[in-house]
Each structure stands twice: as structure tokens, then as C-alpha cells.
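Report on the structure given below.
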Amino acid sequence: MNTLPPAIFLMGPTASGKTGVAVELVQHLPVEIISVDSALVYRDMDIGTAKPDAATLAVAPHHLIDIIDPTLSYSAAQFRNDALSLMAEITARGNIPLLVGGTMLYFKVLREGLNDLPQADPALRAELEERAQQHGWPAMHRELARLDPETAARLKPTDAQRIQRALEVCLLSGKTMSGLLALEQEAELPYRLIQLALLPGDRAVLHERIAQRFDAMLKQDLVGELEYLRKRYALTPDLPSMRCVGYRQAWQYLEGECNAAEMRELGVIATRQLAKRQLTWLRGMEGVIEFDCLAADLAGRVRDYISATIS
């Protein structure tokens, strides 16, 4: 593991100060930032995404921001491909990839790979259950042994649920479950991961930060930005870009579905709910080093830890 090149994950809920820490790290360590944010990919969506301004980007350039129009979609699979390509380029330059953001699904697919197993098919599942009732699960196990010997070898002939799923995968994909799982394992990152999380020591303080940040977005004219976006692009409220927190509430306001005060309240509540989901993801992850995002000299503490880890 120590022979692998390092890569840093800097994760945290919204308003935890990730960008400030990342900018500090760029100025002191040989790192390049890759944005891990499903909203920052969109061009012209600046205020509602808290996109780093031009001055910040001049000091600390970010990869994977402003790469698609708001009318388009950007999947986790696309992110993984783009991020892996960038990480290889950064490492080849002698620098360390610093992946920064709060889109936890992106971190997950980057770290664990994509699961290519097909979704359950109700009709096929019912057919398999009917055949099992007629012939018994040991007979279904023998059929699995013919199609996927490796998977069958690790399953008991009475393990109905797993036999059914393995047969389903074979029949739907034309590939074996053992083969698909092996491909997923081969997708493991060829990096020594340094996983850092900025978590609030006091959730109430984070909530106040969220409210202040949303108020700042409104003061910067989030509604006006959305009006501009609706004139420039053929947008609809069901697009992924317009389902982003902040834009969704501003859209409701422009459509007369809420007043200004209600928009603000809905936006703050939605952002707090987003932060809660991010924290749930983070606390379920293994191997993560936690820092209190409310601590004094947060950036310095993170920098010192990384310096000691990569030296």
C-alpha cells in the first residue's frame, strides 16, 4: 500500500469550510484540486452553488467545475471516468490529487467502483421461483453450477435467495456474477487514500452557518441568477441542475408557489437536510480521519496531518 501514490479525499457537509481548507493546502503542498460536487459541474450556476470566485480559482484552480450546460446530466459514472483520468495526469506531474467536495455518491463510486450487476427483473424472478417450486432449489443450484461454477461452489444447494439472484444475473446479463464481481474488485483505486472529513463539533453552529450562507446567496441575487439561466437555457424544473438546493426553491418563488420569506425558509431547511445526509454518509465510512470544522486553525491542522502522512 505504501508504494502507491497518495490521493487525498477532503470531505464534509455543506458550509463546513472545505474550499477554504483546500485553497490553503494548494499554497503549501504539491496538490491539485479536483471538485467532487454534482452542482459545480454546471456553467453559469455560480451563486447557488457557492462556486469559488475568479480570485480564488486564480490561486487554486479546480478541475471539474464549469464543464457542462445546466440542460445536461452528469452521472456518477462520468465523474469516475473524469476523476480517474485527472488523477493519473496529476500524479504524472508529480503532484497529489486533492479531491474536495460533498457529493458523497461520487466519493463512493470513485473508491469502490461501479456495480455492473443488473437490476432485479420481477418477471424473471417469478419464473425462477416457479421453476424452483416444481424442481426444488438443489436442482436450481445444479443449473447455476453449469452457468457459473465459481458462484455455485460457494453457495449451499438450499440457499434459495442467493441462487435465485445469481441465476438472474446470468440470464439477464449473459455474464456470471463471479465475473462481474471480479471486474468490480479490479476497479479499486491504485492510490494510497488519505480520507479526511470536516465534521461539526456543534451541529447548531453548522446550522447557523448554513442559514448565513443561504442569506448571502439571496443577497447576491440568487433569484436574478436563476432568471438569467431560464432566459439563456431551455430549463425545466425536473432537470438535475434545477433540483439543486437553492435553485429548486428559487424556481418555486418565480413560479409564484411561495413568497420570498417562504423561499428562504425552504432553502435553509433543504440545505440542513442535505448536510444531515452528508454527515450520515461520512459517519458510515471506514478509515476516515475526522477534524472539527469549527476548530481554530482548521486549515493548519489539516495541512500538518497531510504533511506528516505523505512524508
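Every number in this text was worked out from the coordinates using simple rules, so none of it is lab data. All values derive from a computational prediction rather than experimental measurement. Reconstructed Cβ throughout: ideal geometry from the backbone, glycine too, with neighbour counts over all protein chains shown.
Quick notes on this one:
- Charge tally for K276 (other residues, Cβ to Cβ under 12 Å; Lys, Arg +1; Asp, Glu -1): +4.
- Within a straight-line Cα-Cα reach of under 12 Å, K175 can be paired with the following aspartates and glutamates, leaving aside sequence neighbours fewer than 8 residues apart in one chain: D116, D148.
- The Rg/Rh ratio for segment 122-186, using Cα coordinates for both the radius of gyration and the Kirkwood hydrodynamic radius, is 0.97.
- A simple count of charges around I289, restricted to other residues whose Cβ falls under 14 Å of its Cβ and scoring Lys, Arg +1 and Asp, Glu -1, yields 0.
- On the beta carbon distance between A54 and T3, with R0 = 35 Å, the FRET formula returns roughly 0.35.
- Structure-based [θ]222 nm, the chain - -39500 (n - 2.57) summed over DSSP H runs of at least 4, per residue, nearest 500: -17000 deg cm²/dmol
- Based on Cα contacts under 8 Å between residues 6+ apart, the chain shows a relative contact order of 28 percent.
- Between helix 298-310 and the chain there is an angle of about 50 degrees, using the helix long axis and the longest principal axis of the Cα atoms.
- In percent, rounded to a whole number, the relative contact order of segment 1-136 is 35, using alpha-carbon pairs under 8 Å and six or more apart.
- Residue with peak Gaussian network fluctuation, the chain [Cα springs, cutoff 10 Å], from R165, R277, R111: R165
- Couplings 3J(HN,Hα) of segment 75-80, computed from phi: 8, 5, 5, 4, 4, 4 Hz, in residue order, whole Hz [Karplus 6.51 cos²θ - 1.76 cosθ + 1.60, θ = phi - 60°; x for Gly and Pro].
- The Rg/Rh ratio for segment 206-251 is 1.03, where Rg is the radius of gyration of the alpha carbons and Rh is the Kirkwood radius.
- Scanning the chain for GluC sites (Glu not before Pro) in DSSP loops with at most 11 neighbouring Cβ atoms within 10 Å leaves 1-187 as the longest stretch between them.
- Shape of segment 67-130, Cα gyration tensor, a/c cut at 1.5: prolate
- Taking the convex hull of Cα positions in segment 155-311, its mean projected area over all directions (nm²): 16.2 nm²
- Quotient of C-alpha Rg and 2.2 N^0.38 Å, computed over the chain: 1.20
- GNM top mover of A145, A270, A39 - the chain, alpha-carbon springs below 10 Å: A145
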